[in-house]
1. Between a first residue in the stretch 132-148 that is among the charged types (D, E, K, R) and a second residue that is open to solvent by 60 Å² or more (accessible area, probe 1.4 Å), which pairs have beta carbons less than 6 Å apart while being 6 or more apart in sequence or on different chains?
2. Out of all the residues in the stretch 51-65, is one or more at pLDDT 90 or above and in a helix (DSSP H, G or I)?
3. Of all residues in the stretch 118-141, which are surrounded by 13 or more Cβ atoms within 10 Å (Cβ to Cβ) and in a helix (DSSP H, G or I)?
4. Is there a residue being on the phi > 0 side of the Ramachandran plot, out of contact with any strand residue (DSSP E or B) (no Cβ under 9 Å at 6 or more places or on another chain), charged (D, E, K, R) and exposed (fewer than 13 other Cβ atoms within 10 Å of the Cβ) anywhere in the stretch 30-40?
5. Just for the stretch 57-68: of the residues that are of a type outside the set (Gly, Ala, Ser) and surrounded by fewer than 15 Cβ atoms within 10 Å (Cβ to Cβ), which one is farthest from residue 4 (Cα to Cα)?
6. Can you pull out every residue in the stretch 88-114 that is of a type outside the set (Gly, Ala, Ser), open to solvent by 40 Å² or more (accessible area, probe 1.4 Å) and part of a helix (DSSP H, G or I)?
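The values are calculated or read from the model by the stated rules, or taken from the named source; none is laboratory data. Just so we're clear, the structure is a prediction, and the values are computed from it rather than from any experiment. Please note: Cβ atoms are built from the backbone with ideal geometry, for glycine as well, and neighbour counts cover all protein chains shown. Ligands, DNA and RNA are stripped out before the accessible areas are found, and what is left, the full protein with its side chains, is counted by its heavy atoms. Shrake-Rupley method; radii C 1.70, N 1.55, O 1.52, S 1.80 Å.
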Amino acid sequence: MRISARADYAVRAALQLAASQDDGSLKAEVIAEAQDIPHKFLESILNDMRRGGLVLSRRGGNGGYRLAQPADSISIADVIRVVDGPLVSVRGVRPPDLSYTGPARSLLPLWIALRSNVREILEGVTLADVASADLPAGVSALTEAPGAWTNP
């Protein structure tokens, strides 16, 4: 599974907003600098997040962006879906819309299982969880598996 730069930047921007939720709005420039995200790219991402109902924006001297909901009600999956679409696709197609024949037939249940696991993790972790460095126990346990931090 690949996480696009767009999704990575969106999650990081949302986490910056979550961490400063009590401080009011943040300007895009502040988020871009804090997270080392190209400003113009971030503006596009924040517009997608605004259209997707995840952030609110306000113009003016005291303007900026803030989360549209509490950080504990926005999952990482919510952010990724708003900027990138479905969490798991094969050649741009959602797994239930695929079909295979012959020896490749069992690929479909494999892709469905992968999607299920990705959903379980990304839908089960909120911005508040990550911002507070308090990941759910099941997610933390996965990071302790032998080989979790190594590339094959």
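1. none
2. yes
3. Result: 118, 119, 120, 121, 122, 123, 127, 128, 129, 130, 131, 139.
4. yes
5. That would be 62.
6. 96, 97, 103, 107, 108, 109, 110, 111, 112, 114, listed by residue number.
Residue-by-condition table, conditions (1) hydroxyl-bearing (Ser, Thr, Tyr); (2) within 24 Å of residue 55 (Cα to Cα):
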position	(1), (2)
85	no, yes
93	no, no
97	no, no
100	yes, no
106	yes, no
111	no, no
114	no, no
137	no, no
140	yes, no
